[in-house]
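First the structure, in the form of C-alpha cells, and then the observations on it.
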Amino acid sequence: MAQPIKRIVVVGGGTAGWLTAGTIAAAHKSEHPDRIEVTLIESPDIPIIGVGEGTWPTMRRTLEQMGISETDFIRECDATFKQGADFRQWVSGQQGDHYYHPLVLPAGFQDTNLVPHWLADPDRGAFADTVSAQPSICDKSRAPKQITTPEFAGVENYAYHLNAGKFAGFLQRHCTSKLGVRHVLANVQAIESAENGDIASVRTDRAGDLEGDLFIDCTGFRSLLLGEHYGVPFITKSDVLFIDTALAVQVPYEDKETEIASHTISTAQSSGWIWDIGLSTRRGVGHVYSSSHTSEDAALEELRSYLRPRVPDIDQMDVRKIPIVSGHRERFWVKNCVAVGLSAGFLEPLEASALVLVELSAQMIAQQLPVDRAAMDIVASRFNKKFRYRWDRIIDFLKLHYVLTKRTDSTFWTDNCRSETIPDSLQELLELWRYQYPWHGDFDQKDEVFPAASYQYVLYGMGFETALSHLGHGETDRRSAHVHMASVAERKAQLLSQLPGNRELINKIKQFGLQRI
Amino acid sequence: MTNKTIEILDNLAHAHLRILPAISSRWLPTRQIEQIAPSEILEAAREYPVFLTKCSQTGQFQFSVILGLYNDENLYLDDEGVWRARYIPLNVRRNPFGLGVGASGSGDGPVITIDMASARLSSEEGAPIFLEQGGFAPSLGEMQEVLGRLVVGVDQTRALVNNLLEFDLIEPVQIELKLSNQTKLNFEALYSVNEEKLRELDDQSIGQLNRMGVLKYIHLLGASVSNIQSLIHRKNAQIEAGDK
C-alpha cells in the first residue's frame with residue numbers, strides 16, 4: 001500500500017479525546033504486528049471544560065464496546081440513571097406547566113402512529129403518559145432496571161447523568177491500561193505540514209515531534225488543528241439559539257436518603273432555562289441564558305430563587321460562569337485532520353447533544369477508518385456531509401422547544417418565535433405537521449439523531465395542534481392503537497411494582513455490583 | 001431485626017417449645033425456587049434441577065434448586081402438604097430458626113433466633129428444643145449444625161461463583177417445556193455453566209478448576225438438568241389427576 005493509516009494521534013485529553021481514542025482503539029484492537037497505534041497528547045496545563053453531565057442512551061453501547069464495566073463506571077463517575085427530561089414552565093410559564101420527553105419510543109411505534117388516536121380522545125391525558133410508561137417511573141424516581149438486570153441492559157431505556165471531571169479520568173485509566181492507548185503529557189507548540197497539506201507531525205514542548213497518519217482535534221473551543229491551523233470558519237447559530245452564557249453550581253443533597261431524580265429537570269426562566277441533574281453524590285444545577293435579554297445579576301437571582309426552597313447557604317456557593325457559543329465549523333474533516341467535540345462545535349445543552357455527537361463522530365471514524373491515505377478524502381467528504389446534516393437537525397430540534405412556547409413574559413420568548421430566527425427546514429416541518437402527524441418518512445436518514453418519536457413528544461407535550469384528518473382512523477388502526485395504549489397502562493402497573501428507587505439501586509450497585517450477564 | 005415475631009433463643013423463655021418433624025406447607029411458604037449452599041449440591045443434584053440464580057436483593061449469583069414450574073409451586077409436596085423427597089434444602093430445614101446479631105452488638109458473634117410466629121412450633125407435639133436441665137435437645141443440636149453449614153455456605157458460594165465468573169463460564173439458559181395438556185412454559189432468570197466454553201479452556205485452566213474443586217460442581221449442575229423431567233412428570237400426573 002502507498003500510505004497506510006496506522007498512527008492515530010488524538011490531540012486533547014478531555015472527555016471527547018478519551019472517548020474517541022477509546023472507541024477507535026477498541027474497534028481495532030488486535031494482536032497483529034501491523035495494528036494501528038493510538039496516541040493521545042494531553043496538555044498538563046489546560047484544564048478540561050467538563051460540564052457535560054447528561055448523556056444519551058447511546059453511551060451504554062459506547063462504554064460496553066470499549067470493554068468498560070458499568071459497575072465501575074457508576075462507582076467511579078458518581079453516575080446515575082437518566083430516563084429523559086421533564087420540561088417545566090416551557091409552555092405557559094405557570095406552576096404545573098410541564099411535559100416529559102422520555103427515552104422510550106411510543107408503544108407500537110414500528111407499526112402504529114398513536115397521535116391521531118390520542119388527539120381524537122376528548123378526555124386525553126398527557127401525550128407521553130398515554131403512549132409510554134416511563135413518565136410514571138420518573139414521577140416516582142424509580143430506576144430503569146433492577147439489581148438482577150445485567151450491566152448495560154435495561155427494563156426501560158436509559159442514559160446517564162455523570163460527573164464529567166471524573167469521567168475523563170476514568171476513561172483515561174481504562175484506555176491506557178486496557179486498550180493500549182499511549183498517553184503523552186505535553187503541550188503542542190507547532191504543527192508541521194507535509195507537502196500535500198496534511199499534518200505530518202505536531203511539535204511538543206516535552207515529548208518532541210509526534211508524527212501521525214490521522215490527527216484528531218479534541219482541543220476544545222480552541223480548535224487548534226481544524227480552526228487555527230486549517231482556518232476552517234466557524235458558523236455561528238446565535239441568531240437561532242440565543243443562549244450564550246451558563247452559570248453552574250454544585251448543590252449538596254439535603255441528606256443521604258434524598259431521592260435522586262431519574263431524569264433531567266429543565267425549568268424555563270425569563271430569558272433561558274435551568275438544568276437540574278442528580279448525581280449520586282450531589283446535584284449539578286445551572287442557568288443558561290441569553291445575555292442580550294437579561295443581565296448576569298438577574299440570571300443569578302433566578303438561579304438562587306430556583307435553589308432557595310431546598311438548598312441552604314446559596315449566597316456562599318461557588319458559581320462558575322461559562323461562555324457558550326452556539327455553532328459549528330463549516331467542515332469537520334480536512335486533509336488528515338478531523339475535529340471531534342467542542343473543536344467541531346457546540347450547541348446549548350438543552351437535549352444533551354454534546355456527548356452524543358462525540359460518540360457518533362468517534363464511531364464513524366472507527367468504522368470507516370481509511371485503510372490508506374488514498375481513501376481518506378472520500379471518507380472525509382462523507383463525514384462532512386453526514387455531520388453537517390446532523391448539526392442542522394439538532395439545531396432544528398432544539399429550536400422546536402422555543403418556538404412552541406406560549407410565553408410572552410419577556411422578549412427572549414417572543415424573539416424566539418419570530419420567523420426570521422427559525423430555520424426554513426423547521427418552518428417547513430411545522431407547516432407539514434399542522435396537517436399530518438409526525439412519522440418515520442418525514443426525515444431523510446434511517447439513523448436520524450432525533451427520530452419522529454422525539455418530535456412527537458415535544459410537539460404534543462407543548463400542545464401543538466395538528467388538525468384531525470380523515471386518514472389513520474381505519475378499523476385496523478384503531479384496534480391496534482387501543483391495544484397499544486392498554487398495554488401502556490398494564491406495563492406502568494407492572495413496572496411500578498418491580499422497579500427499585502433510583503438511589504436504592506445506585507446504593508446497591510455500589511455495594512454489590514451488577515453482573516455482566 | 002425487623003420482624004417483631006423473631007426473638008433471640010433463650011432456654012428459659014423458650015423452655016417448653018417443641019418443633020414438628022415434618023417439612024410441611026402448614027408452616028412453610030411454598031416457593032418455586034430455594035437457595036442451597038455448595039455443600040448441598042451433591043445431594044440436591046440427585047433430586048432437583050440445580051441452577052445458578054440471582055439473589056433478588058443483591059443481584060449476586062447463588063445456587064438454587066427448582067421445585068415447581070410456576071411461581072409459588074412446589075411439586076414435591078404430597079396431598080397433605082408434606083415435602084416428600086430424598087433431600088430437603090438446609091435453608092428450609094432450619095425453620096423456624098435463624099441467625100441474628102447479639103443484643104450487645106456485633107462483638108458477640110451470631111446468635112440463634114427463633115420465629116415465634118411459625119406454625120412449626122408447638123407446646124404439645126413434636127420434639128423438644130431444650131432438655132429439662134436447659135441444655136440443647138438433639139433437635140436443636142441438629143439445627144445448630146444446619147445453621148453452621150449455611151453460614152459457611154455464604155463464603156463458599158461467593159468463592160465458587162467468583163471462580164466461575166473469572167473463567168467466564170456462567171451463561172443464561174432458556175428452557176422451554178411442554179406439558180401433556182400442550183401448555184408451553186418458559187423458564188427465565190436461570191443460569192448455568194457454558195459447557196462449550198469449558199471445553200475450549202486450556203489444560204492449565206482445567207487443571208486449576210479441578211484443583212480448586214470447581215469441576216465437580218460443574219458436572220453436578222450439568223447432570224441435574226435431567227431432573228427437569230421429574231418436574232414435568234409430577235406436573236403431568238397432577239394435571240391427569242385433576243382431569244379425572
- Applying the Karplus parametrisation 6.51 cos²θ - 1.76 cosθ + 1.60 with θ = phi - 60° to the phi angles of the stretch A:443-448, what ³J(HN,Hα) value in whole Hz is obtained for each residue in order, glycine and proline being reported as x? 10, 7, 10, 7, 10, 4
- Task: State whether chain B is rounded, prolate or oblate according to the following rule on the C-alpha gyration tensor (a ≥ b ≥ c being the square roots of its eigenvalues): a/c under 1.5 gives rounded; otherwise a/b larger than b/c gives prolate, and the remaining case gives oblate.
- Result: oblate
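For B:V82 and B:N236, what does the FRET efficiency come to when R0 = 25 Å and r is the distance between their Cβ atoms, rounded to the nearest 0.05?
0.75
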- Positive-end residue of A:Q368, A:A298, A:G197, charge dipole of the protein assembly as shown with Cβ unit charges: A:Q368
- Equivalent ellipsoid, the stretch A:32-163 (semi-axes from 5 times Cα gyration tensor eigenvalues, Å): 36, 20, 15
- Row for the stretch B:86-161, column shape: gyration tensor on C-alpha, a ≥ b ≥ c, rounded if a/c < 1.5 i.e. under 1.5, prolate if a/b over b/c, else oblate; value oblate
- Note on the structure: Cα extents of the stretch A:446-492 along the principal axes, largest first, in whole Å, come to 30, 30, 26
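Would you mind putting A:389-399, A:403-413 in packing order, based on average other-beta-carbon counts within 10 Å, highest first?
Top to bottom by mean Cβ count within 10 Å: A:389-399, A:403-413.
Compute the normalised compactness of the protein assembly as shown: alpha-carbon radius of gyration over 2.2 N^0.38 Å, N being the residue count.
With N residues counted in the protein assembly as shown, Rg over 2.2 N^0.38 Å equals 1.14.
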- Task: Answer rounded, prolate or oblate for the stretch A:183-233, using the Cα gyration tensor with square roots of eigenvalues a ≥ b ≥ c: rounded when a/c is under 1.5, else prolate when a/b is larger than b/c, else oblate.
- Result: oblate
- Item | Relative contact order [Cα under 8 Å, 6+ residues apart], the stretch B:99-244, whole percent | 13 percent
- Item | At R0 = 45 Å, FRET efficiency that the Cβ-Cβ distance of B:N186 and A:S381 yields, to 0.05 | 0.35
- Message: Placing +1 on the Cβ of each Lys and Arg and -1 on the Cβ of each Asp and Glu in the stretch A:427-512, which of A:Y457, A:G501, A:L429 has its Cα farthest towards the positive end of the resulting dipole?
- Response: A:G501
- Query: Once phi is turned into θ = phi - 60°, what whole-Hz ³J(HN,Hα) does the Karplus curve with 6.51, -1.76 and 1.60 give for every residue of the stretch A:86-97, x standing for Gly and Pro?
  - Reply: 10, 9, 10, 6, 8, 9, 9, x, 8, 4, x, 6
- Task: Work out, step by step, the length gained on full extension between A:E296 and A:S497: first 0.36 nm times the residue separation, then minus their alpha carbon distance; give nm to one decimal.
- Result: 67.8 nm
- Item | Theoretical gain in end-to-end length, A:L471 to A:S177 [0.36 nm per residue, Cα-Cα removed] | 100.0 nm
- Query: Once amide H atoms are placed 1.01 Å from N in the peptide plane, what residues at a sequence separation of 5 or more from B:V50, or on another chain, have their amide H within under 5 Å of its amide H?
  - Reply: B:S224, B:V225
- Message: Rounded to whole Å, give me the distance from the Cα center of the stretch A:208-256 to that of the stretch A:99-130.
- Response: 37 Å
- Task: Calculate the dipole size of the protein assembly as shown relative to its Cα centre from +1 charges on Lys and Arg beta carbons and -1 charges on Asp and Glu beta carbons; express the result in debye to the nearest 20.
- Result: 700 debye
- Item | Nitroxide proxy distance, nm - points 7 Å out along Cα→Cβ at B:Q208 and A:D45 | 4.7 nm
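Where nothing but the Cβ of Lys and Arg (+1) and of Asp and Glu (-1) is charged, how large is the charge dipole of the stretch B:1-89 around its Cα centre, in debye to the nearest 20?
Dipole size: approximately 140 debye.
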- Query: Normalised by the number of residues in chain A, what is the relative contact order in percent for Cα pairs under 8 Å and 6+ residues apart?
  - Reply: 24 percent
- Item | Histogram of C-alpha separations across the stretch A:103-197, 5 Å bin width, % | 2, 9, 11, 11, 12, 11, 8, 8, 7, 7, 7, 4, 2, 0, 0
- Message: Given R₀ = 60 Å, what would the calculated FRET efficiency be for A:R35 paired with B:S123, taking r from the Cβ atoms and rounding to 0.05?
- Response: 0.20
- Item | In sequence order, calculated HN-Hα J values of the stretch B:193-209 (Karplus, 6.51, -1.76, 1.60; Hz; x Gly/Pro) | 8, 6, 5, 5, 5, 4, 5, 7, 5, 6, 4, 5, 5, 4, x, 5, 4
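Bear in mind that the values in this text are calculations on the coordinates, not laboratory data. Remember, predicted model here, so these are calculated numbers, not experimental data. Every residue, glycine as well, gets a Cβ built from its backbone with ideal geometry; the counts of neighbours run over all protein chains shown.
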